[in-house]
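Accompanying notes for the structure given below.
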Amino acid sequence: MNKQTALVVGARGVIGGNLITHLQNTGGWEIIGLSRRGGVGGTAATGDTDDIAGIAGTAGTAVTHIAVDLLDRDATTAALAGLESVTHIFYAAYQDRATWSELVPPNLAMLTNVVDAIEPIANDLVHISLMQGYKVYGAHLGPFKTPAREDDPPHMPPEFNVDQQQFLEHRQAEASWTWSALRPSVVAGVGLGNPMNLTMVIAVYASVCRELGIPFRFPGKPGAYTSLIEMTDADLLAKATVWAATNPAGANQAYNITNGDVFRWESMWATIAKFFELEVAPPLPMSLADVMADKGPLWNTMVQKYDLLRTPYSDVSSWAFGDFVFGWDYDVIADTSKARRAGFHEYVETEAMFADIFTALRTARIIP
């Protein structure tokens, strides 16, 4: 089968947007993006480029955007009714909730609604790719066995990533398509309005520090400053996602995907500070959600002063996510040898990744 049609679910996020970019640059794909807001302006459109993907440098193949609330089962079925040509579903949608248990129903329902809508009409459906994370290993709960491996024993539920994978496993048992699950660490990329984008947290925090003339302090727990952590570049993740979805070795398998190096914030913080031309002061534990809550007026002034992209302060960063990551006072690392044994050998130097993303944010006039 020569023609391949990708349905990217969660097209406006950092992961989905960078995946679209990779598919476009690879060529040979017809691409359909799903999101609640659809194309630019919030309407379904053909040939428009998703605004987040556009910031990331998308070019080439046009993308068909469809706006749909995936929690509305009937609306999802109706919106996807004409997508008989879909060969690959790349699922990267996510809805946040206040508690771990509350995350399960909506996130499982969205995946279920997509599969229920596409599977009966797409006779050439080959693969469903699921985006997961280290929550599968209990990383969100506290110190866990590291480096984590894909075959580690499960932990006490609730955990929506696990429920989603079990749904695909049970559904695939009587289907001709296969599935894969990608498990990145903290994903870093260019994107706005995403609740889990640490690079935006750091970039805006550093930019505000510079504007105020104050040093760059690590705001997290003392133990987080010295613990080992790793990142996953969004472009690297996109390559791994397509590799797993189109390679026989990826059939019905889960893979940890990271840049390939590990670091401690105590050394990386100074490197980031140098990029922003900031002095480093000793860490000071503080809630970014609290101390950055009143910085909206300052941000608006910076937008005017530096002629930045007119982005609402609420969309430029998720301080709660920054607090979450900077609160990990234990190692957060995984074993990626399974993917290498299966044939995926790409890697990214994390220090260079940060510099590249911050440069891209400046080029796009998102930060000064």
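Whenever a residue of segment 242-267 is more than 19 Å from Ser337 (Cβ to Cβ), its partners that are part of a loop (DSSP other than H, G, I, E, B), lying with C-beta atoms within less than 6 angstrom and at least six residues away or across chains, give the pairs Trp265/Phe218.
Screening Thr241 on (1) surrounded by 22 or more Cβ atoms within 10 Å (Cβ to Cβ); (2) out of contact with any strand residue (DSSP E or B) (no Cβ under 9 Å at 6 or more places or on another chain); (3) not assigned by TED's automatic domain parsing to the domain that holds Asn300 shows it passes everything except condition (2).
For segment 322-357, residues that are among the charged types (D, E, K, R), more than 19 Å from the chain's Cα centre (by Cα) and within 18 Å of Leu237 (Cβ to Cβ) total 3.
Do we have Ala360 as of a type in the set (A, V, I, L, M) and within 28 Å of Gly142 (Cβ to Cβ) here? Spelling it out, it is not the case that Ala360 is of a type in the set (A, V, I, L, M) and within 28 Å of Gly142 (Cβ to Cβ). Looking at segment 125-151, which of the residues that are of a type in the set (Gly, Ala, Ser) and under 19 Å from the mean Cα position of the chain (by Cα) is surrounded by the fewest Cβ atoms within 10 Å (Cβ to Cβ)? Ranking the candidates gives Gly138 first. Residue count for segment 152-180 satisfying the condition of being buried (at least 17 other Cβ atoms within 10 Å of the Cβ) and either outside the structural domain of Thr241 (by TED's automatic domain parsing) or among the acidic types (Asp, Glu) (or both): 2.
Restricting segment 13-57 to residues that are over 15 Å from the mean Cα position of the chain (by Cα), in a loop (DSSP other than H, G, I, E, B) and under 19 Å from Met200 (Cα atoms), the residue that is modelled with the lowest pLDDT is Asp50. Restricting the search to helices (runs of 4 or more DSSP H) fully inside segment 273-325 and requiring at least 2 residues that are on the phi > 0 side of the Ramachandran plot gives an empty result. Answer yes if at least one residue in segment 313-330 is over 25 Å from Pro215 (Cα atoms) and either assigned by TED's automatic domain parsing to the domain that holds Pro219 or among the small types (Gly, Ala, Ser) (or both), and no otherwise. Within segment 313-330, one or more residues are over 25 Å from Pro215 (Cα atoms) and either assigned by TED's automatic domain parsing to the domain that holds Pro219 or among the small types (Gly, Ala, Ser) (or both).
Quick grid of which residues meet (1) farther than 13 Å from Tyr205 by Cβ; (2) in contact with an Asp or Glu (Cβ under 6 Å, 6 or more places away or on another chain):
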site: Thr311; (1), (2): yes, no
site: Phe326; (1), (2): no, no
site: Ile333; (1), (2): yes, yes
site: Ala355; (1), (2): yes, no
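Of all residues in segment 64-102, which are in a loop (DSSP other than H, G, I, E, B), closer than 23 Å to Trp29 by Cα and more than 18 Å from the chain's Cα centre (by Cα)? Within segment 64-102, Val68, Leu80, Ala81, Gly82, Leu83, Glu84, Ser85, Val86, Thr87 meet the criteria.
The values are calculated or read from the model by the stated rules, or taken from the named source; none is laboratory data. What you see is a predicted model; the values in this text were computed from it and never measured. Quick reminder, even Gly has a Cβ in these numbers, built from the backbone with ideal geometry, and neighbours come from all protein chains shown.
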